[in-house]
1. Kindly give the semi-axes, whole Å and largest first, of the ellipsoid equivalent to segment 200-275, taking each as the square root of 5 times a Cα gyration tensor eigenvalue.
2. Please calculate the 1.4 Å probe accessible area of Met234, with all protein chains present, and give it to the nearest 10 Å².
3. Tell me, what is the 1.4 Å probe accessible area of Arg393, in Å² to the nearest 10?
4. Quick one: what are the phi-derived ³J(HN,Hα) couplings along segment 311-327, Karplus 6.51/-1.76/1.60 with θ = phi - 60°, whole Hz, x for glycine and proline?
5. Just the number please: accessible area per residue for segment 174-261, 1.4 Å probe, all protein chains included, in Å².
6. Using 0.36 nm per residue, how much length does the chain from Ala397 to Asp144 gain when fully extended, once their Cα-Cα distance is taken away?
7. Mind checking the per residue accessible area of segment 272-356 for me, 1.4 Å probe, whole number of Å²?
8. With contacts defined as alpha carbon pairs under 8 Å and 6 or more residues apart, what's the relative contact order of segment 251-376 in percent?
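The values are calculated or read from the model by the stated rules, or taken from the named source; none is laboratory data. As the structure is a prediction and not an experimental result, all values here were calculated from the model. Note that each Cβ is placed from the backbone with ideal geometry, even for glycine, and that neighbours are counted across all protein chains shown. Areas reflect the complete protein model, heavy atoms only, side chains present, ligands, DNA and RNA absent. Shrake-Rupley method; radii C 1.70, N 1.55, O 1.52, S 1.80 Å.
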Amino acid sequence: MTGRRALPALLALVLAGDLAAQDANYWTYQYGTRANLLSGAVVGSVVDLGAAFYNPGALTLIKDPDIISTQKVLELSNVTFRPDVGFELDFNDLRLDLAPGYVAGILPFRFLANHVLAYSFFTRYLFKASLDGARVGRLEELADTLSGDFFAQTRSTRDLNETWGGLSWSFPLAQKVGFGVSLFGAYRSQSGMNRTQGQTLSEDGTLGIGLTENDFSYWHFRLLWKAGVTFEWMGASLGLTVTAPGIGLFGDGRVLVNRTLSNSDTVFVADYQRGLKPDYRSPWSVAFGGSYRRNKTVLHLTAERYSKVEEYKVLDPADFVGQSTGDTIAGDLTLAADDVLNFGIGIQQDFREHLTGFASFRTDYSSKSPESSNDIAIASWDILYVTAGAAFRVGTADLTLGLAYGWGDKRDEDVGVRFDDELVEPPRTADLKYRSLRLIIAFAI
C-alpha cells in the first residue's frame with residue numbers, strides 16, 4: 001500500500017462494519033400481563049388482553065376479561081461492536097431505558113350479544129444505539145510500507161420506533177370456538193448516521209484529511225390486518241393466526257451522502273435529497289400454538305413463520321454525479337428479509353388461587369438477507385430469551401412481576417473493507433454482541 005492510499009484505507013478500516021437497527025428481529029418484545037411472562041407463546045392460549053395482538057379469536061373466550069391491561073418494562077441493554085481492523089477498536093453502547101409498553105382494553109359496550117370489541121396500543125419495534133470511538137496511532141499499524149501518524153474517529157447512530165394501534169373484533173363461531181380480526185395502524189420512523197473522519201501525516205510531511213458521511217431518515221404509515229381462530233376442549237386449546245403485509249399510505253424521507261478526501265488525490269462528492277417517498281414492506285406470517293393443562297400446570301407452545309421479502313428500495317433518491325469524480329452515484333437504501341421460523345415455550349404453575357408462577361424461553365432469529373446490498377438492516381444476530389416471573393392479585397388488580405434476559409452474538413465473516421465501492425483491504429471479520437435485561441411490571445383491572 002502506498003502512502004497515497006493511506007487515508008482512504010484508514011477510513012475504510014474504521015468503516016469495516018456497521019451497526020443496524022433491530023428491525024430484522026420479529027420477536028424482540030412481547031405484550032400483555034401473563035403473555036409477557038410466557039414469552040408470547042400464547043397464540044393458542046386464552047390468557048389475557050394480549051390476545052388483541054397474538055390472537056384476536058381468543059378475546060371472546062376469555063372468562064371475566066379485564067377492563068384494561070397495561071405494562072411497563074425497564075430495560076438495561078448493551079451493544080458491542082468489535083471490527084477486526086488490524087488494531088484495537090471497540091465500540092460499546094450501554095443504556096437504561098423504558099422498553100415498549102402495552103395498553104389494551106375492552107370497550108364498554110357490546111353489540112350482537114356475545115361479540116367483543118377491544119383496543120390496543122403498543123410499540124412494535126424500538127431500537128436506539130450510539131457507538132463512537134477514536135484512535136491515534138502510527139501508520140505502520142495499517143501496513144509495514146507506511147510511516148507517519150494518523151487520527152481516526154467514527155460515530156454510528158441508529159434510532160428505530162414503530163408504534164401500532166388498533167381495534168380487535170371477536171365473536172364465537174361455535175361453542176368454545178372464537179374468531180377475531182385486528183386492524184392496526186402502524187407508524188414507523190427510522191434514522192441512521194455513519195460519520196468517519198481521519199487525518200494522516202506521513203514522514204515526508206504530507207497531510208491527508210478525509211471525511212465520509214451517510215445520513216438518512218424517514219417516517220411511514222401503513223395499515224395491516226391479523227385474523228385468528230381459537231378452539232378450547234377439555235383443558236387444551238389450539239390457535240391459528242395469519243398476519244397480512246401492510247398497505248403503505250404515506251410518509252416522507254431524506255438521504256445525505258458526503259465523501260471528502262484531500263491528500264495527493266482530491267475527492268469531493270456530496271448530495272442531499274429530501275421530500276422522498278419511503279416504502280416499507282412487512283412479511284406475511286402464520287402462527288400456530290396450543291396449551292394443555294394438567295392439574296395446576298399449564299404448558300404453552302407457539303411457533304410463527306414469517307415469509308421472505310424480496311429486496312426493495314426503502315428510499316430511492318435520484319442518481320447524482322460526483323462533483324470531483326464525474327461518476328454517477330446511486331444513493332438508494334434497501335431492505336430484504338429471509339423467511340424465519342421462531343418458537344416459544346412457557347410453563348405456568350398455579351401455586352394457590354391468586355398466585356401463579358411462570359417460566360419461558362423463546363427464539364428471535366434474524367431475517368437479515370445476506371444477498372441484499374445497501375441494506376439498512378446490517379446486523380444479523382440471532383437472539384435467545386429466558387423469562388421468569390409471577391402473577392398475583394391485590395384487591396381487584398392482577399399484578400405481574402418478572403425478569404427477562406436476552407443474548408445474541410454474531411461474527412460477520414469476510415467483511416469487505418471498501419472506500420467508495422473500491423476494495424482497499426482484504427476481507428476481515430466483525431463481532432457483534434447484544435445483551436438485554438428487562439424488569440417487567442404489569443397490571444390489569
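1. For segment 200-275, the semi-axes come out at 56, 19, 6 Å.
2. Spelled out: Met234, probe radius 1.4 Å, area about 150 Å².
3. So the heavy atoms of Arg393 present about 100 Å² to solvent.
4. Taking θ as phi minus 60°, the curve returns 4, 8, 9, 6, 10, 10, x, 5, 4, 9, 9, x, 4, 9, 9, x, 7 Hz for segment 311-327.
5. With the other protein chains kept in place, segment 174-261 gives 43 Å² per residue.
6. The span from Ala397 to Asp144 would gain 84.2 nm if fully extended.
7. Accessible area per residue: 57 Å².
8. Once divided by the residue count of segment 251-376, the mean separation gives 22 percent.
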